[in-house]
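The values are calculated or read from the model by the stated rules, or taken from the named source; none is laboratory data. What you see is a predicted model; the values in this text were computed from it and never measured. Please note: Cβ atoms are built from the backbone with ideal geometry, for glycine as well, and neighbour counts cover all protein chains shown. For the accessible areas, the whole protein counts, side chains as well, though only heavy atoms, and no ligand, DNA or RNA atoms are used. Shrake-Rupley method; radii C 1.70, N 1.55, O 1.52, S 1.80 Å.
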Amino acid sequence: MFDRPSTSARSARRLGIVAVWIATFAWAWGYILVKWSGLDGLHFAMFRLWTGAAISCLALLGTRRRLSREAFRACALGGVFFAADIGLGFSAIKHTTIADVAVIGALAPVAIVIVSARRLHEHIEGRDWVLVGVSFVGVAGVAIASSGSPSWSPFGDLLAVGGIATWSAYWFFSRHVRERADPIVYFASVMVAAALIMTPTAFLLAGVPHWPAARDWLAIVGVALVPGFVGHTLVIWSHRHVESWLSALVTQCSPVVTVTLAWILLGESLPPLAIAGGAIVIVATGVVLVAAARRDGRADLDEAAERVS
């Protein structure tokens, strides 16, 4: 007889899914603020990481946690992956459309789903596999629709493709370390390590930066606080309670929100194909989540019946 998750585990899983949804909407604002800023991608990443490190250290003090040398050593590799990811992503957003960067980045959740099934032995229903594929088709539709935009660039798209590997590496490393590290301590370690890596990289590849203007600082702090601290801490916390493939599928909705925000706030085009693709992503993800909720609900009823009998 196989072991089923307890009621408390299923409740934590539902709460974890809510946390991933909040993070998904928080992350959607990141590219908007980067594009809005006048800083180039690498310099923005450098200032954002040091700001994020300061916010994380304040969170450590406020929650009476401490960052030990042992914890930093165990978590620092996540900072290397994270620095590479935002360096590529923020640079890509300065060379091509927000839609392309966001949507190409949605390939990473697809890679995470596949690796989760093969390497982590997470069980994925056959219908869920189909819906993951349908969701990706919707994401591809958004990318195709934006490829004719004047701000589109193949170099920017290439940088975004590189981010697929760095984000996937960061995701799985975070899931591995999360089993033994507090989420706030882990993210503080990531921010400090990433800032230390990004600073010489930005100086070497982009030169000495000008001091950011007030508008730039607003974007930097906004990215560090909302998509950064709030979004990443929630997802890091959820790793213990939600399967990687399901979390990854939820985060595929982030490009849809980002493209919509870019259309509303920055005036980027939103063709009918992009609208249709976004709708496909939302519907496919919703069907998977509803099916998962029903399975949990049946498990709750079965457990209650066993207790009564």
Set V130, V103: member being modelled with pLDDT of 75 or more and within 15 Å of L249 (Cα to Cα) | V130
Members of region 48-105 that are acidic (D, E) and surrounded by fewer than 22 Cβ atoms within 10 Å (Cβ to Cβ) | E70
Residues in region 62-74: is at least one under 20 Å from the mean Cα position of the chain (by Cα), under 19 Å from A194 (Cα atoms) and not hydroxyl-bearing (S, T, Y)?
-> no
Where a residue in region 152-164 is in a loop (DSSP other than H, G, I, E, B) and its partner, wherever it lies, is among the hydroxyl-bearing types (S, T, Y), with Cβ under 6 Å and at least six apart | W152/T96; W152/T97; S153/T96
Identity of the residue in region 14-51, charged (D, E, K, R) and modelled with pLDDT under 90, that ends up farthest from F90 (Cα to Cα) = R14
Could you tell me whether L246 is of a type outside the set (S, T, N, Q), closer than 25 Å to D182 by Cβ and open to solvent by less than 50 Å² (accessible area, probe 1.4 Å)?
-> yes
Candidates V177, V137, V142, filtered to the one that is surrounded by 14 or more Cβ atoms within 10 Å (Cβ to Cβ) and modelled with pLDDT under 80 = V142
